[in-house]
Every structure is written in structure tokens, then in C-alpha cells.
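The structure appears right after this line, and notes come after that.
The values are calculated or read from the model by the stated rules, or taken from the named source; none is laboratory data. Note that the structure is a prediction, hence the values are computed from the model and not measured. Quick reminder, even Gly has a Cβ in these numbers, built from the backbone with ideal geometry, and neighbours come from all protein chains shown. Just so you know, the surface numbers come from the protein's heavy atoms only, side chains and all, with ligands and any DNA or RNA stripped out. Shrake-Rupley method; radii C 1.70, N 1.55, O 1.52, S 1.80 Å.
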Amino acid sequence: MVASVAFVHLKALALAFVALLLSGCAERLTHQQLASLSQLEAFVCSSQTAIYALPPPDPPRQPTTTPITTSTGKTDQTATFFTGLAIAVITGLDRGTRLQNAKERAERLSQALKTFNFRSDLVDAARVELAKVTAVKIDVQPAIVTDNCWEAMTAAIYAPSASSALLFVTVSYFVASNGDRVGFAADAQIFPRPNVGPAIYGRTFEYDFFYDSRRDVRDAFRGAGLALFGKLAADLNRP
């Protein structure tokens, strides 16, 4: 929790500043642009506990119930009504069941996350994969105890550094609405130094895997981290 009013104001200013930075137009970088940066200082941020069940998507529009006719050829309004009601109830029950399954699996994953340091594993994955970027040296910083990169950004922007640019990667994760897949998203932005302006690079990378309660959670999450940073490295290495 926030300890003082002053800190609340400071954090609000920091968030406003970061929002201003992110409002710029971020594009992909060429090898020449990356090489001109000489060195990137990378920060990896993620929550250690916040895994959520996404709300189920709206069900597809049901076709109009075919009218049920009597032996005389007239529409049986009562039978037609109850048939349509039954379809709606079954659809609602199915949606509720899928959401409940997702919530239960998200809770099990949240409990498993308490047994290992996911942030540290993400930093390890970043170091392994980003070392494969050939156009620029990327120095991945130690794991930061924060759920997002805002605090890291506001601190790093003004801290003395030999790097010519800052790379921030925020990783989030969730359980799909039917509960059978775990999804990850990594938002990556690069900001130039020393005159920090709008992001010069901005990309989002996604990865998901089939949920299997028999699989070791840490192993699965490590694999997700390697996959995400592998995609980022490949994007930075592209022709």
C-alpha cells in the first residue's frame, strides 16, 4: 500500500510521465538503427502472483429457433418458447462452467507461483535469448520487485548509465476462459538515451500452452519465458 500522500503524488506524476513517453509512434528498428545504439540496458518486469481467468467470450449468436408446428400446421408458441429457453439456459450453463474451470485452474497456478521466483526465471530467459541478438549488446538487469516497469522506467531514465537506450519488457499471463490454455504476453519498448523521448520500438509477443495439471508449473513458465524472449530476439535479429 502507498505510505504517504507525497508518495501518491510522486507515483501519479511518474505514471503520467511514462504515459507521455508511450504515446509516441514506436516502430520496428533496422539492424543499422540497433547497431547505432551501441548498448541496450534491459529491464524485465512481471507480477509474481497476478494470474487471472479471462472472462468467457460472448457466445455466437444463436440462430432463430425453428417454430414448432402442430399437426394442423399452426405454430405451437408454447413449445417454441420453451425450446428457445432451453437452448439459452444450456448456453449460459456452459459459459459459467468454463469460467469456473478457468478460475479454479488460475487459483492452482497462483498457489504454485508461491513456490518459485518467476521474475528471476524471466531474467534468466531474457539473458539467454537476448544474448542471441547480434546487432547490439543487451545488458539484462537483475529482477526488480515490481509488478510493472513504471518504477523501473522512472528510476532508470535518470540513473547514470553507459547504455544508449533502455529496453523494458513487461510480461503478463492469464488462463483462457475455458480453462484449458495458459497465455502470456510480453510488451517490449525501447527508449533512447540520454534525451529520453517517445519509444523508438514497440512490440507485443504472445505465447500459450495447453494446461496440464500433471506438468511442473515452473518448467512450463520457464518455457514460456524462453519462448517470449526468443520471439523478441528473433524480431530484433530479423533482416
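List the residue pairs whose Cβ atoms are under 8 Å apart, where the first residue sits in the range 215-239 and is under 18 Å from Leu167 (Cα atoms), the second is open to solvent by 30 Å² or more (accessible area, probe 1.4 Å) and assigned to a helix (DSSP H, G or I), and the two are 6 or more positions apart or on different chains.
Gly225/Asp124; Leu226/Val128; Phe229/Val128
How many residues does the range 164-186 contain that are in a strand (DSSP E or B) and either small (Gly, Ala, Ser) or surrounded by fewer than 19 Cβ atoms within 10 Å (Cβ to Cβ) (or both)?
Count: 6.
Out of the range 187-237, which residues are closer than 13 Å to Phe168 by Cβ, assigned to a loop (DSSP other than H, G, I, E, B) and basic (Lys, Arg)?
Hit for the range 187-237 is Arg193, nothing else.
Yes/no per residue for (1) modelled with pLDDT of 90 or more; (2) in a helix (DSSP H, G or I):
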position: Ala42; (1), (2): yes, no
position: Gln62; (1), (2): no, no
position: Ile87; (1), (2): no, yes
position: Thr97; (1), (2): no, yes
position: Leu109; (1), (2): no, yes
position: Asp121; (1), (2): yes, yes
position: Ala126; (1), (2): yes, yes
position: Lys132; (1), (2): yes, no
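When the residues of the range 120-163 are narrowed to those that are under 19 Å from Ala186 (Cα atoms) and of a type in the set (Ser, Thr, Tyr), which ends up surrounded by the fewest Cβ atoms within 10 Å (Cβ to Cβ)?
Out of the qualifying residues, it is Ser120.
In this structure, is Pro198 modelled with pLDDT under 90 and open to solvent by 60 Å² or more (accessible area, probe 1.4 Å)?
yes
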